[in-house]
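Values quoted throughout were computed directly from the atomic coordinates according to the rules given, and no laboratory measurement underlies them. Computed from a predicted structure; not experimentally measured. When we count neighbours, we look across all protein chains shown, and the Cβ atoms used for this are built from the backbone with ideal geometry, even at glycine.
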Amino acid sequence: MMIARAGCAVSKLSFAATTNFHFKSLPLKTLSVSVGVQERTFCRVNCEKRNMAVQLRESVELTEVEEKIFERLRKVLLHFNLPTQLRVAGGWVRDKLLGKDSSDIDIALDDMLGREFCDKVNEYLANAGEKTQGVGVIQCNPDQSKHLETARMRIYDMWIDFVNLRSETYVEHSRIPHMKFGTAKEDAYRRDLTINSLFYNINTGSVEDLTGRGISDLKAGVIATPLPPKDTFLDDPLRVLRAIRFGARFEFKLDDDLKKAVVDKDVRAALATKISPERIGHEIDLMVSGNQPVKAIGQIEELQLFWTVFCLPQNLEAKLPQDCERACVKSLEALSEVLGKVGFSTLSDDHGRLCLYSALFLPLRNVNYSNRKGKTIPVVSAIIKDSLKLKTKDADMVLSLHDAGEEFTGLIDILISDKHAGNLTPSINEEDDLGISLMSTKCIQTGLLLMKIKELWRAAVFLSTLIKHPVAEYREILDSKEMAEKRASLYISIEKSVLQLGLENVWEMKHLLDGNDIIHELGLKKGGTEVKEWKERIRKWQLANLSGTREECLEWLHQVRAKRLKTDS
């Protein structure tokens with residue numbers, strides 16, 4: 001059974017004991033566990049099945065700036081004789097224990113609002129004769145998952161967020177909680193995952209694991225929730241996607257009880273109806289832009305959430321390919337393997353993101369539907385714009401990459417071989433009189449395509465290797481390593497040919513003659529279709545003669561003009 005989000009169609013408590021960890025008194029081996037998370041790596045979907053070992057730091061090691069920030073905050077407490085406990089919450093603590101740098105310092109206060117404490121900091125600075133800092137207050141915004149007011153200020157050139165500890169209760173059919181002041185323990189238990197529930201107490205210099213599971217789950221490489229997972233997900237179904245994202249990011253295993261809760265029909269229905277497309281799209285974008293997009297999206301498919309997340313149009317009548325969701329994941333995996341062999345740095349971050357989306361939706365590239373006005377719309381565009389609420393530009397670029405990938409596939413024979421193009425040159429007419437050679441054919445055909453796709457041409461070439469050598473259609477057929485090597489080799493050959501032709505930045509090529517030049521030289525009327533036709537011929541001539549000069553182009557123009565006039569007469 002598949003559950004889709006509202007308005008979309010588908011194709012077919014007991015609290016643990018409080019534990020305070022003062023790591024300086026513990027031996028390193030007590031915390032031994034290693035997380036092999038690289039900046040941009042890819043793994044096969046089943047990579048979580050291997051044994052995991054996560055290495056935790058013996059203690060939180062502060063940078064020089066962090067030491068200064070925390071010391072200043074302690075001086076504020078001392079100056080005003082405040083009993084306030086200051087705790088760094090969540091991801092910063094987790095990352096520090098994993099030996100990773102983090103600049104995301106969120107400080108939770110147990111007895112005042114964030115803006116009230118920021119005012120105290122400024123009052124302390126003024127008394128000390130130092131420059132005060134501006135305080136930004138981010139108001140509650142449930143639609144953006146901001147359920148409580150946050151104050152922000154710069155301390156020693158770092159932005160620090162301040163917020164009060166809170167407890168929360170949810171009402172039925174809403175993911176927006178009722179918030180109130182809470183204890184540190186209540187705050188820890190209301191967080192999404194145990195590995196995100198740790199605190200670093202600035203007052204005492206110690207890590208606090210108030211759920212009793214944060215450290216052990218971090219050690220074991222397990223993604224779990226502080227409270228029963230079904231209750232947690234029903235309260236806020238977005239946490240389903242956050243659990244998957246963090247699991248992929250750190251290559252951690254999803255807890256068995258958590259997975260059972262995810263596939264529960266009530267949880268899936270809540271994800272389909274209680275979460276806005278914008279929030280789902282944001283989580284998916286973080287997954288695709290993250291270090292393990294294949295693992296994240298593969299987990300969504302394995303947990304039967306694919307069509308809940310990537311929601312199809314209501315009035316879709318076209319039949320989807322067999323095992324379409326699995327084919328989408330396999331296509332993404334195939335591209336990731338090619339990127340891993342060629343080098344992901346070949347693409348910019350944003351181009352890589354668009355390339356991954358294009359691979360993910362490649363099996364859907366020929367599926368269309370009719371909207372209410374009867375206009376034919378690509379399903380891929382509807383998913384990106386309506387289901388994920390990503391930018392219209394993203395949808396347009398993905399469609400352009402699909403088209404360009406197809407066109408590159410048609411050019412592969414002339415790009416990587418010496419045989420003549422034959423019927424692969426539909427945009428080059430004999431009447432252009434360009435003196436077509438094989439090299440000219442390559443330059444013109446490839447140049448015209450690159451002028452359309454511009455900086456995204458490498459992403460389009462990557463996509464063309466998947467179109468030329470398609471992924472296995474059926475779930476039970478595995479894509480071979482030899483096929484990945486073949487696709488990578490093909491990409492390298494195409495890129496090499498483009499570079500050898502001197503077309504890498506051909507879209508930046510300056511026009512030797514503009515419309516006014518053509519009108520003046522040929523005596524044509526302004527605004528006529530003939531001017532446009534000549535501009536197109538001249539562009540092809542420039543592609544065939546990349547080092548040609550303006551004078552040479554003018555000479556060719558008059559020769560062709562004279563020849564055509566003679567022929568017409």
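The figures follow:
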| quantity | calculated |
| --- | --- |
| Local net charge near A224, Cβ-Cβ under 9 Å (Lys/Arg +1, Asp/Glu -1) | -2 |
| Formal net charge of residues neighbouring G527 (Cβ-Cβ distance under 14 Å; K, R +1; D, E -1) | +2 |
| Packing-based ranking, highest mean first, of 291-303, 104-116 given that Cβ atoms within 10 Å are counted | 291-303, 104-116 |
| Virtual spin-label span in nm between K260 and S547, 7 Å along Cα→Cβ | 7.3 nm |
| Extension gain, S480 back to Q500 (0.36 nm per residue minus Cα-Cα distance, nm) | 4.1 nm |
| Selection of chymotrypsin sites (Phe, Trp or Tyr not before Pro), the range 463-569, meeting DSSP coil and at most 16 other Cβ within 10 Å | Y474 |
